[in-house]
Amino acid sequence: MSKEHSSITPFQLFFFVVKAELGVGILSLPAAVYGFAKQDGWISILLTGCFCILCILLYSLLFNRFENMNILDICRYLFGKWAMKLCAAAYAIYFILASFIISFGYMASMRRWILLSTPQWLVFLILMMFGLYFGKESLRNVASLCQFAFWFTFLLFFFSLGGFKHADWNYLLPIQEIKIIDIMKGVYGSILSFFGFESLLIIWPFVKGVNKKKIKAAIFSTLFVTFTFLYITILCTVYFSGNEIKTIVEPTLFLLKSLTLYGIIERLDLIFLSVWVIMSIASSIIYLHLANSAMGYLFEEKENKEKKNKKNINRIMFIIVFLLGGFLPQTKGIIDPLTKIFNFSAILFAIVIPLYLLVHSFLFKKKRLNERESHE
């Protein structure tokens, strides 16, 4: 990764992590959590947010021991060049899968609600064209896109506040009736929507400022996402009955569909879904950028060849994701296994590998606090 990627600030990091975490998952999260934890789903959301913050603190311990390195640099330092390349290839595949899951999920929602007769491949192509353009851009440009997309988040609050007029708060009772094991299952069911904080593993050394400021920015971003998910989960829980929310795939959209804005504007679900495309595209672009960065470690070239290689890598990723998403059947027998694979992969790459590197560094007393090693 070139030096131009080191130009974002902790302030920009806040928007970057928010957009990495906040994407298409918000449409179906209330139903997914309710399926496990029922009316205590909001507790699962809080626990998931706390778990994500613990992961960020874990990252901070790792990066404090290896100053100005990302996880691929640490792999190189601890285990050598070829171990780093293997790790880079694995992370690149994971990031491509994440980008695909986000784009495919939003495309499926668009075809269910708006573009009913539009071919699947065409909808997916339109979504991925933005990734083809932005995926090769510098971290600074991607962060600027995230900062722009962030403000559309408040449309969710603006459009949905009217739902509290018809809320039945008894739907939240009794509190803590659900077994703790079911609440923990709700944590597992919601963690997919929270993933995105693992982007820190790649971009951490390319953010200006001391680690303390980076940690604060990352934690505040996760707190904002947790509050957003908590808000929509509680609202959907008190708006729909238990029997209703269990049968609704995307309760957020059904909620907006039933509301009007000042008694004038109807079908807020269609407006919201049309605008939310900016949010979902930004999340998908983040993962394409991360995959691009990881693949850059596989093909280390001189600086004058870097830009050309980034374009070629980005085109390859675009073709792979488009072929997967444009023609893959939208059947439960295919989507559910893919989701399970992504969940397992996310836990492996976001939690297990960083934890292993941290434990290894403590056991063998490995750390590096001097200037970052060059790999150009």
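Are there any pairs, at least 6 apart or on different chains, whose C-beta atoms fall under 6 Å, with the first in region 49-72 and under 22 Å from Y297 (Cβ atoms) and the second among the β-branched types (V, I, T) and part of a helix (DSSP H, G or I), and if so, which?
So the pair list comes out as F66/I74; N70/I202.
Using the structure shown, decide if K340 is over 28 Å from L156 (Cβ atoms), of a type in the set (K, R) and either modelled with pLDDT under 70 or out of contact with any Pro (no Cβ under 7 Å at 6 or more places or on another chain) (or both).
No; evaluated as a whole, the condition is false for this residue.
Could you identify the single residue in T233, T226 that is over 18 Å from R112 (Cα atoms), surrounded by fewer than 24 Cβ atoms within 10 Å (Cβ to Cβ) and of a type outside the set (K, R)?
T226
What is the number of the single condition among (1) closer than 19 Å to F164 by Cβ; (2) at pLDDT below 90; (3) part of a helix (DSSP H, G or I); (4) open to solvent by 10 Å² or more (accessible area, probe 1.4 Å) that S274 does not meet?
Of everything listed in (1) closer than 19 Å to F164 by Cβ; (2) at pLDDT below 90; (3) part of a helix (DSSP H, G or I); (4) open to solvent by 10 Å² or more (accessible area, probe 1.4 Å), S274 misses just condition (1).
Can you give me the ranges of the helices (runs of 4 or more DSSP H) entirely in region 105-223 with at least 2 residues that are farther than 22 Å from G25 by Cβ?
Of the helices (runs of 4 or more DSSP H) lying wholly inside region 105-223, those with at least 2 residues that are farther than 22 Å from G25 by Cβ span 120-134, 139-150, 180-194.
Keeping to region 236-269, report how many residues are assigned to a helix (DSSP H, G or I) and either open to solvent by less than 40 Å² (accessible area, probe 1.4 Å) or closer than 12 Å to L161 by Cα (or both).
Of the residues in region 236-269, 13 are assigned to a helix (DSSP H, G or I) and either open to solvent by less than 40 Å² (accessible area, probe 1.4 Å) or closer than 12 Å to L161 by Cα (or both).
Can you name the residue in region 153-173 that is open to solvent by 40 Å² or more (accessible area, probe 1.4 Å) and touching a helix residue (DSSP H, G or I) at 6+ places or on another chain (Cβ under 8 Å) and, of all such residues, is modelled with the lowest pLDDT?
Ranking the candidates gives L173 first.
Look through L61, L13, L47, L57 and report the one residue that is under 21 Å from Y287 (Cβ atoms), at pLDDT 90 or above and touching a helix residue (DSSP H, G or I) at 6+ places or on another chain (Cβ under 8 Å).
L13
Of all helices (runs of 4 or more DSSP H) completely enclosed by region 28-102, which ones contain at least 3 residues that are within 30 Å of Q176 (Cα to Cα), within 17 Å of the chain's Cα centre (by Cα) and not aliphatic (A, V, I, L, M)?
41-65
Taking the conditions exactly as written (among the hydroxyl-bearing types (S, T, Y) and either over 20 Å from the mean Cα position of the chain (by Cα) or open to solvent by 30 Å² or more (accessible area, probe 1.4 Å) (or both)), does S117 satisfy them or not?
Criteria met by S117.
Among the residues of region 75-86, count how many are open to solvent by 20 Å² or more (accessible area, probe 1.4 Å) and touching a helix residue (DSSP H, G or I) at 6+ places or on another chain (Cβ under 7 Å).
Number satisfying all stated conditions: 3.
The values are calculated or read from the model by the stated rules, or taken from the named source; none is laboratory data. Computed from a prediction, not measured in an experiment: that's the story for all the values here. In this analysis, Cβ positions are derived from the backbone assuming ideal geometry, glycine residues included, and neighbour counts consider all displayed protein chains. For accessibility, only protein heavy atoms count, side chains too; no ligands or nucleic acids. Shrake-Rupley method; radii C 1.70, N 1.55, O 1.52, S 1.80 Å.
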